[in-house]
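A.B. asks: Questions regarding the structure given below will be posed in turn.
The values are calculated or read from the model by the stated rules, or taken from the named source; none is laboratory data. Quick caveat: nothing in here was measured; it's all calculated off a predicted structure. Virtual Cβ from ideal backbone geometry, glycine too; neighbours counted across all protein chains shown. These accessible areas exclude ligands, DNA and RNA; they are computed on the full protein's heavy atoms, side chains included. Shrake-Rupley method; radii C 1.70, N 1.55, O 1.52, S 1.80 Å.
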Amino acid sequence: MSDKPTPRGAAGGSDSGDRIPDGRNFLDASNPDQAHTPAKGTQWTQEDRRIDTRKGMWGATSGPGDTSGYGGIVRTVEMPGSSERPYGGWFDEVADRMEELVPDFSDGLTLVDRGEITFFVRPEKLLELVKVLRDDAALRFESCSCLTCVHYPHMEGREMHVVYGLLSMTHNRRIRLEVALADPGQKDVARTGHSDVDSLPHVPSIVSIYPHVDFQEREAWDMFGVIFDGHPALTRILMPDDWVGHPQRKDYPLGGIPIEYKGAVVPPPDQRRSYN
């Protein structure tokens, strides 16, 4: 337990639940007995693709409420269904080669939208797939140009998405890989403000394939609480070491401090009056 005080704005609770004990969760990605966090089955139903149901003009769930006069609007936000072949252009060539080299890599969803293609990948196939994407002459995606996460708290069983942007300088092509993970600790966060490190989502680290994602995986761990198994030193990179919680998760409390302005006091966002 750290002797330092909990930083202002932290979620509260013990920091032992949000820091990785020395090597305890650095799993061996080559060991089949050390399973990564599974998502749901490989078939995405319309319910699986539902991101959220938003009410009112702005979809706000906290704060002063919807004062626009359109509070009765209800809108369902969901991902589109899987794109059908042919995808168009070189997309089919790349998809065929990926399936040939790594059969059954797909998590059941491939999206083509606005001239970009996204392949949803099964977590256990990720390392094998990115290795052939880098090394195969017909693919040659030499760089992982970005790595980030998106938190969809309402997508039960697929709450945390890890997103990889790959670039082929040889062929001047870009693709996106997305790994949807179950987040078993989400209910702990809602109840206590933090989750135990053993209940956070896991995915294999790709540092052995793309060494330059070292810092990007550390940032994703710091901000979203995804554990990258096999990372050489998965520590925080933006927040202090004793910070509790992961600030870019959607279930992270807004926090804040009262602001004084010409004698008036503006309370923190989560303490403001609701007009509903």
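A.B. asks: If we sort 44-55, 91-102 on the protection proxy, mean other Cβ atoms within 10 Å, highest first, what's the order? Walk me through the intermediate numbers first.
C.D. replies: Details: 44-55: 14.3, 91-102: 16.4.
Output ranking for 44-55, 91-102: 91-102, 44-55.
A.B. asks: Right, here's the next one. So, for the range 60-151, what is the accessible surface per residue at a probe of 1.4 Å, expressed in square angstrom? Provide the component values of the computation, followed by the final result.
C.D. replies: Working: 4690 Å² over 92 residues.
Per residue, the range 60-151 has an accessible area of 51 Å².
A.B. asks: Given labels modelled 7 Å from the Cα in the Cβ direction, how far is it in nm from residue 265 to residue 150?
C.D. replies: Those two pseudo-labels are separated by 4.1 nm.
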